[in-house]
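Nothing in this text is a laboratory measurement; each read-out follows from the coordinates by a stated rule. Keep in mind that what you see is a predicted model, and the values were worked out from it rather than measured. Positions of Cβ are generated from backbone atoms using ideal geometry, with glycine treated the same way; all protein chains shown enter the neighbour counts.
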Amino acid sequence: MKVVSFFSGCGGLDLGFEQAGFEVIWANDNDPAVSETYLLNHPSTYLCLKDMRELVMDEIPECDGFIGGPPCQSWSEGGKQLGLDDERGKMFLTYISIIRAKQPKFFVIENVKGILGDKHFQTFMKMLDLLRNAGYVVHYQLMNSLDYRVPQERYRVFVIGVRNDIEVNYQFPAPDTSCVITLRQAIGEITEEPRKYISEPVNTEYGKWLNHDVFMGPFDDRYMARNRVRGWNDVSYTMQAQARNCPLHPQAPKMIFVSRDKQIFRPGYEHLYRRLSVRECARIQSFPDHFRFIYHDVCDGYKMVGNAVPPRLARAIALSIKSAFSSYSPDLCSVLVATYRNDMQLRMTLENKLYYVRAGLRAGAMQFSLGMKAPHYLFLHKKDSYILLILKEVEPKLVSAEFLENLGFHPSGDQYWTFEILDVEAGERTECMKNYVAKHGGMKMKPYIIEITNVVAKS
């Protein structure tokens, strides 16, 4: 399948799709600081350097899918969170307008966790509505790179849209928790001292390790407000786009807590505290060693690496899309697996013929697909008790806590997805569903959706 890339940066998302067998035929990014790096590592892809707001639709080639991550600074919890009041935030809308005009079979949008926060959630929902109205079934999910064999805690929101005239039932890739990659496994073999820079031009002659360059600027008070060191047997903190905020190398001991806003380096070990090099950051982001970053200022190196989607996570997303397009079967049906707190909540659910789950980022929240009909079944469980309900095939609604309170419920959050109940299922099918859920997903506290065959559902 052929894809087009927007907000390409150095091409981490693109690389993951290439590793999954997709062909990235055209890319767009107007930042001159990344163009050399992109062209060197993606020689078969045409790179368009125009501002995407100036693109003519005919310039964008026909393809199967769009991939891209609009600028995240407007939504980041570490920034001013201006959202659509920031020109960078408005680029999200530009991307949506191009999707609407070109109508690819699918699209991928990546952004920071903060876009699901209370401040931006309603805006995010409105943007998803725009995508749904453009003719797409829209899925979104908060994902942690750690769950996909990337050695860092890195939460990002992914939005996947599939054109609604295509019979595809998309599912996000299941976490791969069989093997957590530690810092020792990721960067332990890089034993050479990195080359040190502050503001001087970077030497372009490399030894054994490409881009083994480290920023040596001062550590400001904000940086010293919390521990920045993870041990060799840990996973890394999130890779940052700002060199000054880069995590410290695990050779140093953990910083010492002084007060709420102050930590210090352990006395006698100050010489061990240095930031990770650009290459070490790249390894932690899952870039291969042959991927060369070109920059003249070391800070630009950190920016390229930190802004990138980890290729290993991108590959997992790409493979899930490929699987959805190649293996969809009309015999599949979906089941929402969830809990109920007590008998009173179950009684209220049955009386109102309504079940709700949290939306947003709070504990137990669920990211549901817009434009998609409700799952066929709702399987509720509490300890050894369980009940199977048939849901109406209508789109779940996003409602307020006040709406639920007026029905007699006692919600503890702000926004909720509601699912309308059609009937109670009884008999052998309920027992069969219990056994299937126990085997394929388990009785988890957080709600989730599984796909089953109609053979199982109707047995």
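When each of Asp58, Asp343, Asp31 is scored by the number of other beta-carbon atoms lying within 10 Å, the sequence from fewest to most is Asp58, Asp343, Asp31. Distant-in-sequence amide contacts of Arg274, defined by a placed amide H-H separation under 5 Å and a gap of 5 or more residues or a different chain, comprise His249. Helical content of the chain, expressed as a calculated mean residue ellipticity at 222 nm, amounts to -7500 deg cm²/dmol (DSSP H runs of 4 or more residues, -39,500 (n - 2.57) each, divided by residue number, nearest 500). In sequence order, segment 2-8 has phi-based couplings of 9, 10, 10, 10, 10, 6, 5 Hz under the Karplus curve 6.51 cos²θ - 1.76 cosθ + 1.60, θ = phi - 60°, and Gly or Pro positions carry x. Rounded to whole numbers, the Karplus 3J(HN,Hα) couplings from phi for segment 413-421 are x, 10, 10, 9, 8, 10, 10, 8, 9 Hz, using 6.51 cos²θ - 1.76 cosθ + 1.60 with θ = phi - 60°, and x at Gly and Pro.
Straight-line cross-link partners of Lys444 among the aspartates and glutamates, defined as a Cα under 18 Å from its Cα and at least 8 positions apart when in the same chain: Asp147, Asp176, Asp384, Glu431. Taking amide H atoms as placed 1.01 Å from N in the peptide plane, the amide H of Glu395 lies under 5 Å from those of Ala374, each 5 or more residues away in sequence or on another chain.
Set the Förster radius R0 to 45 Å, insert the Cβ-Cβ distance between Arg184 and Asp129 as r into 1/(1 + (r/R0)^6), and round the FRET efficiency to 0.05. Write down the numbers at each step before the final one.
Details: r = 46 Å, r/R0 = 1.01.
Step by step, r from the Cβ atoms, then E = 0.50.
Find out how many positive minus negative residues lie around Val4, taking Lys and Arg as positive, Asp and Glu as negative, among other residues whose Cβ is under 14 Å from that of Val4. Within the 14 Å Cβ shell, the charges total -4.
Using only Cα atoms, find the angle between the long axis of helix 343-352 and the longest principal axis of the chain, and express it within 0 to 90 degrees, rounded to the nearest 10. Compared with the principal axis, the helix lies near 70 degrees.
An ellipsoid equivalent to the chain, defined through the eigenvalues of its Cα gyration tensor, has semi-axes of 41, 27, 21 Å when rounded to whole angstrom and sorted largest first. Label separation (Glu59 vs Arg292): 2.9 nm, computed from points 7 Å beyond Cα along the C-beta direction. Whole-Hz Karplus values for segment 110-121 come out as 10, 7, 7, 4, x, 5, 9, x, 4, 5, 10, 4 Hz, taken residue by residue from phi with 6.51 cos²θ - 1.76 cosθ + 1.60 and θ = phi - 60°; glycine and proline positions read x.
Near Gly301, once Lys and Arg are set to +1 and Asp and Glu to -1 for all other residues with Cβ below 10 Å from its Cβ, the sum equals -1.
Comparing Cα centroids, segment 195-271 and segment 287-365 end up 30 angstrom apart.
For segment 2-179, rounded, prolate or oblate, judged on the Cα gyration tensor with a ≥ b ≥ c (square roots of eigenvalues), a/c < 1.5 rounded, else prolate if a/b > b/c? Judged from the Cα gyration tensor, segment 2-179 comes out rounded (a/c under 1.5). Exposed loop sites here are GluC sites (Glu not before Pro) assigned a DSSP state other than H, G, I, E or B and surrounded by at most 16 other beta carbons within 10 Å; excluding them, the longest clear run of the chain is 206-392. Taking segment 214-245 and a reference point 7 angstrom along Cα→Cβ of Lys262, the backbone N atoms nearer than 13 Å belong to 221-222, 224-226. Helix 311-327 axis versus longest C-alpha principal axis of the chain: approximately 30°, rounded to the nearest ten. Is segment 4-65 rounded, prolate or oblate when judged by the Cα gyration tensor, a ≥ b ≥ c being the square roots of its eigenvalues, rounded requiring a/c under 1.5 and prolate requiring a/b larger than b/c? Because a/c hits 1.5 or more and a/b fails to exceed b/c, segment 4-65 counts as oblate.
Angle check, please: helix 298-307 long axis (alpha carbons) against the longest principal axis of the chain (alpha carbons), in degrees 0 to 90, nearest 10. The helix 298-307 is inclined about 10 degrees to the chain. Could you compute the net charge surrounding Pro43? Neighbours are other residues with a C-beta less than 14 Å from the C-beta of Pro43; K and R count +1, D and E count -1. For residues surrounding Pro43, the net value is -3.
Backbone amide hydrogens, once placed in the peptide plane, bring Val309 within less than 5 Å of Gly12, Leu13, excluding anything fewer than 5 places away on its chain.
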